[in-house]
Structures are given as C-alpha cells and as structure tokens.
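Bear in mind these aren't lab numbers, they're just calculated from the coordinates by the rules spelled out. From a predicted model like this one, the values you see are computed outputs, not experimental measurements. Every residue, glycine among them, receives a Cβ derived from its backbone with ideal geometry; neighbour counts consider all protein chains shown.
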Amino acid sequence: MNRVILIKYGELSTKKGNRNFFINTLYHNICHKLEGYSVLISKDRARMYIEFDEKDLEDIKHIVDRIFGIHTYHVANVVESEDSKIQEELLTVISKERFSSFKIDVRRSDKTFPIHSQDYNRVLGGLLLKNIPNIHVDVHQPDLHITVEIREENTYIYYHTYQGSGGYPVGTQPKGLLMLSGGIDSPVAGYLALKRGIVLEAVYFEAMPHTSIEARNKVIQLCEKLSAYTDVIRLHVVNFTPIQEEIYKNCREDYVITIMRRMMYRIADRLAKKHKCLALINGESVGQVASQTLSSMSVINEVTNMPILRPVVCWDKLEIIDLARKIDTYETSIIPYEDCCTVFVPKHPVINPNLATCVEEENKFDYLPMVEEAVQTMNTIKVTTTSQKDEFREFL
C-alpha cells in the first residue's frame, strides 16, 4: 500500500447516536459503485480509505466525485509512523512537484509519536527548504499546502484536496417520487433530493401521439444522468392522453393547466403510496409559470395529503440552470421535444385559480376511473448508468 484515497465525511461527522448508520450507508454505496475495480475499502469514525490499483485512479475519482456523503477527499501517500520513513517519503513525494511556496500542517492524532506537531512542522519544513532549491514558506497563500496526518497505524501525506458532492449518503432517507418532466428544473430537484439521502423513483406523464417517443427517451436520458449519483432509478411512465384530451374537451381553457396538474398529483399520490414513497418531489419554483404561483400551488396541492418537496422553490432560473450544467442535465433538458405540460398550453392560463371553480370544471367528466386506469396501466423502466443501450429502454 503506497497510496490511498482518504475520504472525509463532512456533514456526517455532525451525527451522534446514528453516526454509524450514515457511515455504514456511505461505505455500502462506495463498495457498490466500485464493484469491478480492484479496491480495498476500510473505515473508521473519522475517515474512510480506498486502496486502489494506480491504473484505475482517474476512473475511481470520477465515480467518487458523484457519491453523496463525501465532503472532501485526498489521494494520500501512506508510510509507517516512524520519523525517518516519514521524512524520506515526504521528500520523495514533494520533490516531484513544481512550486515556489509551501505550508506544512502536521496533525498528530497518535500521541505516542515522540515529536509534537508544531516541532515536527519545523523539522519537515526545514527538510524541504534544505533539499529543494528556490522554495520558501508561505503560511497564508502557499502554492502547496501539505498535510501530514500521523496516526497509530500509518501516516498519510497529501497536498491536493478534491471536493466531494457533500450531503448525506443515498439510502439514509426512505423513497420519494420525483415528478420528472423533460425540462430543466425537475432533474435538478431530483439531484438535490438525492443529496439529502432520499432514494428516488420517478414518474413521467406522456400523451402520445401529442408527445413523441423522443420525448420519453429524453426523460430516460435524464434519469440515466441522475442515476450516476445513486444506483437504479425506477421510472414509471404514465399514459396521460385520455385524461388530457378529456380536460381540453370539457374544461375552461384558462383552467386546463391547473386541472391537468391536479390530475397528475392524484396519479402521483396513488403511485407513491403503491411503491412506498413517503413524499412527492418536483421542480416547481415560485412564480416561474402560471401553475407555480402560491395560489396555484395551494389549489393543486389540495388533491393530496402527501408531503411535497420542492428543492428549487425559491431559486431563480439562472441558479437552476447553473446547477443543471454542473450535473450535466442541461444539454439534455433543452433538446426541443415537447412534453404534455407544454404541448397544449393555453394563451392565458389562470394564475390565481379558485378551488370551487376547479372542482366544478373537473367534475364535468368522470375522471376517477381514468386516474385509476392510468395507475394500473403505467409501465416501469429500470434506469442505471451501466444499463445496455437497448435494455434500459425496455419496459419491465
């Protein structure tokens, strides 16, 4: 063992009685994601360590970047906690780097090590100054910030910090059902829900022939990108065509979007309970469109008693776009295939709907059997990042 990936937990370290549960879930997630690689993973209450094959390092880093529950990580050189061996390893490692200024932080958690941290800072700093030309110490803005962690079993030397995805490991919360459209906002909401440890399932409402198979495949691609941050996402595809056509045939034009959303929530409520999801999740942002005013949200929410999580509810569009770019969903989201929320948008949708009017309008057709039919006939697609191109598009 010459180098390891040393993982720091961040927010997980604030947990007390259930800290082991969070760490063990992270450990399980990392083990699962790194199946197929030659790795050895160990953990304690402060750190997690991944021993790896050097040829796989960049691939492993790419995977670790997308595992929630990791605050930061380092690629650390490992040496026995013995003075001469630490000095030899430090000089060997740092001599390969190009820098003009440096700072050393010694962290001596093994109190049996005979040299105190501050004294050892000076010893190691002097070693580098003596042996590497044209360098100096800068404790404020160094080119290279070197950390030497002296532990009982080994000493870890590292100088690059990689930012993890943060949050909680997926699986530390139960399931939620993401209302996933082909737009920009809902995949970002799904990402943020995963970041809080929620296991995701998703529902997509399609209205063929008014929407296309390409629109469905676009949503599958978005699911695939989200699955990079978890494992498998089960995508439930609901045939919304009969309900949507009845709404547009029977209801006031300015109320069709509100009623359509109420029908979607009724279906999502039933699907969530059927699949043991404890909340609905969507990408609504206050005031962004007519159905996302506070008045509209209140009227639409009335059809369900499930908690509704809106992770981007107070974000502006540019903030959402920035995160969509970061998680690589933006370019897929802007592919111009219409979904059932946009294909029949009225010119002047109501922005302050009246609940009594909604109830009166939707009672113009017998929607309850249609809602149940949509739930019973929905199809499920199992989506993962490792799915074969044709397989993950097949209905289960």
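Strictly greater than 36 Å: what percent of every Cα pair in the chain meets that? Considering the chain, 39 percent of its Cα-Cα pairs are separated by more than 36 Å.
Of the residues GLU88, GLU97, GLU11, the one that moves most in a GNM of the chain with alpha-carbon contacts below 10 Å is GLU97. Annotation for region 26-64: GluC sites (Glu not before Pro) lying in DSSP loop with at most 15 further Cβ atoms inside 10 Å of their Cβ are GLU35. Normalised by 2.2 N^0.38 Å, where N is the number of residues, the alpha-carbon radius of gyration of region 3-163 equals 1.10.
A straight Cα-to-Cα reach below 16 Å connects LYS274 with the lysines LYS175, residues fewer than 8 places away in its own chain not being considered. Stretching TYR162 away from ASN352 to a fully extended chain increases their span by 63.7 nm, per 0.36 nm per residue minus the current alpha-carbon distance.
Computed extension gain for SER95 through CYS314, at 0.36 nm per residue and net of the alpha carbon distance, reaches 73.9 nm. The Kirkwood radius of region 171-393, taken over pairs of alpha-carbon atoms, gives through the Stokes-Einstein law at 10 °C and 1.306 mPa s a diffusion coefficient of 91 µm² s⁻¹.
Subtracting the Cα-Cα distance of GLN141 and ASN305 from 0.36 nm times their residue separation leaves 53.7 nm of extension gain. Across the cross-link table entries LYS16/LYS218; LYS195/LYS347; LYS96/LYS225; LYS55/LYS111; LYS15/LYS326; LYS61/LYS85, which are compared at the Cα atoms, the separations over 30 Å belong to LYS16/LYS218; LYS195/LYS347; LYS96/LYS225; LYS55/LYS111. Note that region 28-45 has calculated 3J(HN,Hα) couplings of 4, 5, 5, 4, 5, 5, 9, 4, x, 9, 7, 10, 10, 10, 10, 8, 9, 6 Hz, one per residue in order, obtained from phi through the Karplus relation 6.51 cos²θ - 1.76 cosθ + 1.60 (θ = phi - 60°); glycine and proline are x. Per residue, the convex hull spanned by the alpha carbons of region 187-306 comes to 115 Å³. Counting Lys and Arg as +1 and Asp and Glu as -1, each charge on the Cβ, what is the dipole of region 3-163 about the Cα centre in debye, to the nearest 20? Roughly 600 debye, rounded to the nearest 20. A simple spin-label model places pseudo-atoms 7 Å from Cα toward Cβ; at ASP44 and GLU253 they are separated by 7.1 nm. Region 200-261 and region 60-133 have Cα centres lying 52 Å from one another. Using a simple spin-label model with pseudo-atoms 7 Å out from Cα toward Cβ, SER212 and GLN376 lie 3.3 nm apart.
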